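Below you'll find the structure, written out as structure tokens, and then a few comments.
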Amino acid sequence: MTEADRQPLEVRIEGLKKAFGDHVVLDGVDVDIRRGEVVAIVGGSGCGKTVLLSHILNQMQPDAGSVQVADYRQADAPLADLADLDDMEIDDIHTHWGVVFQRNALFSGSVYDNIELWLTEIKDMDEDAIRAIARDVLTAVALPADDDFLETHTDSLSGGMAKRLAVARALSMKPKIIYYDEPTTGLDPTSSAQIHDLIMETHDKGEGDSAKDGGRTTVIITHDKDLLYRLHPRVVMIYEGKIAFDGPFKDFEASNSPITRPYFELMPVLHEREAAGA
């Protein structure tokens, strides 16, 4: 058993099934994600990557199977089945998560507005405390932290800066786990490489006692082959509604499976298509 295998579970998915009409998207998916891991979930367009993430985030309910997540409301963070929790309990658990959406999902308004809202609504912080956190997280993602930038409207940000702000907003909640949905879609190669590095730096830094409790967990939905080369995550591939591969990137890269190899070669094309549709 490796050191990673000894870490507590962050997410456990068992027998997850989801269909839309006659179209089966997930057909009995089993995945465990442990604390401190970097996990990339990959697969062809329409394979169910985002549907899987939506189930973890409780944005969809399964037709069968279960999604269990670490419940940080309790000291030892035991797994809790999302189906057994009410909306308030799920909201409490979500305060320990950060989510960076494919199109960033920034609010209309200023940089400060985007960081402030969650901290006000969820943590009931005052403005001085929020501004201090805003400066810290903007600095962490290599964005300006002065008053002028805090008041900058998000519409004026470049794609790379908007993505960094989305990461900063997620970091403001001091999350135990961060989920990224296609984090580099639509970015130029230089900006993409910077986001790759930012994801890894954010993962490695963790928060608070993360070094002793297993560290921050990072889950990435992606087609970005360059991201895999730079981060060397654990790779989970979905194919025809099932897990077709689950293992280290070096094994994924070396695989000659008739399922994984064609997808691996096609990843740059799929990534460009995602960008064209973004």
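Checking each residue in region 55-104 for being more than 24 Å from V24 (Cα to Cα), in contact with a Leu (Cβ under 8 Å, 6 or more places away or on another chain) and of a type in the set (G, A, S) picks out A70, G98.
Looking across region 225-243, the residues that are outside any helix (DSSP H, G or I), out of contact with any Gly (no Cβ under 8 Å at 6 or more places or on another chain) and surrounded by fewer than 21 Cβ atoms within 10 Å (Cβ to Cβ) come down to H232, E240, I243.
Comparison of G43, G65, G48 shows that the only residue that is in contact (Cβ under 8 Å) with a residue 24 or more places away in the chain, among the small types (G, A, S), out of contact with any Phe, Trp or Tyr (no Cβ under 9 Å at 6 or more places or on another chain) and under 20 Å from V100 (Cα atoms) is G48. With the requirement that a residue be at positive phi and under 21 Å from the mean Cα position of the chain (by Cα), what does region 66-119 give you? If the condition is that a residue be at positive phi and under 21 Å from the mean Cα position of the chain (by Cα), then A77, N104, A105 are the ones that fit. If the condition is being in contact (Cβ under 8 Å) with a residue 60 or more places away in the chain, under 28 Å from M125 (Cβ atoms) and small (G, A, S), then region 153-208 contributes A166, A170. Of all residues in region 98-118, those being at pLDDT below 90, farther than 23 Å from I199 by Cβ and in contact with a helix residue (DSSP H, G or I) (Cβ under 6 Å, 6 or more places away or on another chain) number 0.
Does region 68-79 contain at least one residue that is touching a Ser or Thr at 6+ places or on another chain (Cβ under 7 Å) and either within 22 Å of Q7 (Cα to Cα) or at pLDDT 90 or above (or both)? Within region 68-79 (the criterion being touching a Ser or Thr at 6+ places or on another chain (Cβ under 7 Å) and either within 22 Å of Q7 (Cα to Cα) or at pLDDT 90 or above (or both)), the answer is no, since none of the residues qualifies.
Of the strands (runs of 3 or more DSSP E) entirely within region 1-81, those holding at least 3 residues that are surrounded by 13 or more Cβ atoms within 10 Å (Cβ to Cβ) and among the charged types (D, E, K, R) occupy 9-20, 23-34.
Checked against the criterion of being of a type in the set (D, E), assigned to a helix (DSSP H, G or I) and either modelled with pLDDT under 90 or under 24 Å from A40 (Cα atoms) (or both), the candidates E207, E201 yield just one match: E201. Given the residues T218, T222, T154, T139, which is the only one that is touching a Gly at 6+ places or on another chain (Cβ under 8 Å) and at pLDDT 90 or above? Matching residue, one of T218, T222, T154, T139: T154. Return yes or no: is V137 in contact with a Ser or Thr (Cβ under 7 Å, 6 or more places away or on another chain), surrounded by 14 or more Cβ atoms within 10 Å (Cβ to Cβ) and more than 30 Å from R12 (Cβ to Cβ)? So V137 fails the test.
Entry remark, region 236-247: residues being among the β-branched types (V, I, T) and under 15 Å from L266 (Cβ atoms) number 1 in total.
Among what's in region 140-174 and is polar (S, T, N, Q) and loosely packed, with under 12 Cβ neighbours inside 10 Å, pick the residue that is farthest from the chain's Cα centre (by Cα). For region 140-174, the residue satisfying everything is S156. Restricting attention to region 82-121, the residues that are more than 29 Å from G186 (Cβ to Cβ), of a type in the set (A, V, I, L, M, F, W, C) and surrounded by fewer than 18 Cβ atoms within 10 Å (Cβ to Cβ) add up to 4. Of the residues making up region 244-269, those that are among the aliphatic types (A, V, I, L, M) and either on the phi > 0 side of the Ramachandran plot or buried (at least 18 other Cβ atoms within 10 Å of the Cβ) (or both) are A244, M267. The single condition from (1) within 30 Å of E272 (Cβ to Cβ); (2) in contact with a Lys or Arg (Cβ under 7 Å, 6 or more places away or on another chain); (3) charged (D, E, K, R) that D92 fails is (1). Just one of the listed residues (D63, D76, D81, D92) is within 20 Å of W118 (Cα to Cα) and among the acidic types (D, E), and it is D92.
The values are calculated or read from the model by the stated rules, or taken from the named source; none is laboratory data. Given the structure is predicted, the values throughout are model-derived calculations rather than measurements. Here Cβ is always computed from backbone atoms with ideal geometry, including for glycine, and neighbour counts include all displayed protein chains.
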